[in-house]
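Chemist: My structure is below; once you've seen it, I'll send some questions.
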Amino acid sequence: MKGRESGMPEEAYWNRFFDVEAALDVLLGPPGVSGHALEFGCGYGTFTLPAARRISGSLRALDIEPALVAEVKRKAGAEGINNVHAELRDFVADGSGVKSASLAHAMIYNLLHLDHPVALLREAHRVLSPGATLSVIHWRSDIPTPRGPSLAIRPTPEQCREWMAAAGLQAIESVDLQMCCPFHFGLLARR
Ligand SMILES: C[S@@+](CC[C@H](N)C(=O)[O-])C[C@H]1O[C@@H](n2cnc3c(N)ncnc32)[C@H](O)[C@@H]1O
């Protein structure tokens, strides 16, 4: 089931909201990721392709929209990025299909307003190796933003922290995205 209010605006408009490389410096850390990774809801691949360059293993990128999956595959091919595996999959209905405790990193960006966020976070927890990291970003609700889901369903950082803890994630910390994504907050957590 597609997450509520998870459709994408026109790509150029979406891209305006993120300094992706600077955000990934914070979210993946300056050394990048040693091992395999997973992105839930990759959209246009805004973060997928830049992240893949920082990941030593493969990056599995899931989305429910065939056109978006095809676009991520096309871009990866065009840019010669061989470690992106974009896959058409409904992770709400079918899970991620990833082996338990197999990943070094998982990404959930602009998605935690879906109906059952703890279930998604539990799936992220399941696939991460012990000590591996989850990164989350979402639209802020404490300032006006030009885009983002309705405020009624837009989670605060505190709400996300509670959900992450309920899913079993640990060492939950806020990261500062003010300089690169001023309309977003970021969180990291470990399995
Ligand atoms: C708001 S977009 C964010 C895209 C990307 N994470 C980013 O920040 O640029 C959410 C994405 O999740 C996808 N999505 C929503 N529900 C899904 C589901 N149940 N399974 C797989 N993908 C889903 C949508 O198609 C959309 O591409």
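The values are calculated or read from the model by the stated rules, or taken from the named source; none is laboratory data. Here the structure is a predicted model, which is why all the values come from computation and not from measurement. No Cβ is skipped: glycine too gets one built from the backbone with ideal geometry, and neighbour counts run over all protein chains shown. Heavy atoms of the whole protein, side chains included, go into the accessibility calculation; ligands, DNA and RNA do not. Shrake-Rupley method; radii C 1.70, N 1.55, O 1.52, S 1.80 Å.
Chemist: Would you check if residue 103 is more than 15 Å from the ligand (Cβ to nearest atom), touching a strand residue (DSSP E or B) at 6+ places or on another chain (Cβ under 8 Å) and open to solvent by less than 60 Å² (accessible area, probe 1.4 Å)?
Modeler: yes
Conditions tested, residue by residue: (1) in a helix (DSSP H, G or I); (2) at positive phi; (3) within 16 Å of the ligand (Cβ to nearest atom); (4) open to solvent by 40 Å² or more (accessible area, probe 1.4 Å).
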site	(1), (2), (3), (4)
96	no, no, yes, no
108	no, no, yes, no
136	no, no, yes, no
144	no, no, no, yes
147	no, no, yes, yes
171	no, yes, no, yes
179	no, no, no, yes
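Chemist: Now, a different point. Filter the range 1-22 for residues that are within 13 Å of residue 47 (Cβ to Cβ), away from the ligand (no atom under 12 Å from the Cβ) and hydrophobic (A, V, I, L, M, F, W, C) and give the result.
Modeler: 22
Chemist: Could we say that residue 161 is in contact with a Ser or Thr (Cβ under 6 Å, 6 or more places away or on another chain) and open to solvent by 50 Å² or more (accessible area, probe 1.4 Å) here?
Modeler: So residue 161 does not fit the description; no.
Chemist: Are any of the residues in the range 48-65 buried (at least 19 other Cβ atoms within 10 Å of the Cβ) and of a type in the set (S, T, N, Q)?
Modeler: Looking through the range 48-65, at least one residue is buried (at least 19 other Cβ atoms within 10 Å of the Cβ) and of a type in the set (S, T, N, Q).
Chemist: Going by the conditions given, is residue 70 within 15 Å of the ligand (Cβ to nearest atom), open to solvent by 50 Å² or more (accessible area, probe 1.4 Å), out of contact with any helix residue (DSSP H, G or I) (no Cβ under 7 Å at 6 or more places or on another chain) and modelled with pLDDT of 95 or more?
Modeler: When the stated conditions are applied, residue 70 passes them.
Chemist: Also, I was wondering about something else. I'd like the residue in the range 84-94 that is touching a Leu at 6+ places or on another chain (Cβ under 6 Å) and more than 9 Å from the ligand (Cβ to nearest atom) and, out of all such residues, is least open to solvent (accessible area, probe 1.4 Å).
Modeler: 84
Chemist: Residue 43 - would you say it is near the ligand (Cβ under 8 Å from one of its atoms), open to solvent by 20 Å² or more (accessible area, probe 1.4 Å) and either aliphatic (A, V, I, L, M) or part of a loop (DSSP other than H, G, I, E, B) (or both)?
Modeler: When the stated conditions are applied, residue 43 does not pass them.
Chemist: Spot the failing condition for residue 34; the list is (1) within 12 Å of the ligand (Cβ to nearest atom); (2) open to solvent by 60 Å² or more (accessible area, probe 1.4 Å); (3) among the polar types (S, T, N, Q), and only one is missed.
Modeler: The single condition residue 34 does not satisfy is (1).
Chemist: If residue 77 satisfies every condition in (1) closer than 28 Å to residue 147 by Cα; (2) in a helix (DSSP H, G or I); (3) more than 16 Å from the ligand (Cβ to nearest atom) but one, which is the exception?
Modeler: (1)
Let's see how each residue does on (1) closer than 25 Å to residue 29 by Cβ; (2) over 14 Å from the mean Cα position of the chain (by Cα):
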residue	(1), (2)
67	no, yes
71	no, yes
77	no, yes
94	no, yes
99	yes, yes
112	yes, no
116	no, yes
120	yes, no
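Chemist: With respect to residue 119, is the statement that it is within 13 Å of the ligand (Cβ to nearest atom), part of a helix (DSSP H, G or I) and either open to solvent by 30 Å² or more (accessible area, probe 1.4 Å) or modelled with pLDDT of 95 or more (or both) true?
Modeler: Spelling it out, residue 119 is indeed within 13 Å of the ligand (Cβ to nearest atom), part of a helix (DSSP H, G or I) and either open to solvent by 30 Å² or more (accessible area, probe 1.4 Å) or modelled with pLDDT of 95 or more (or both).
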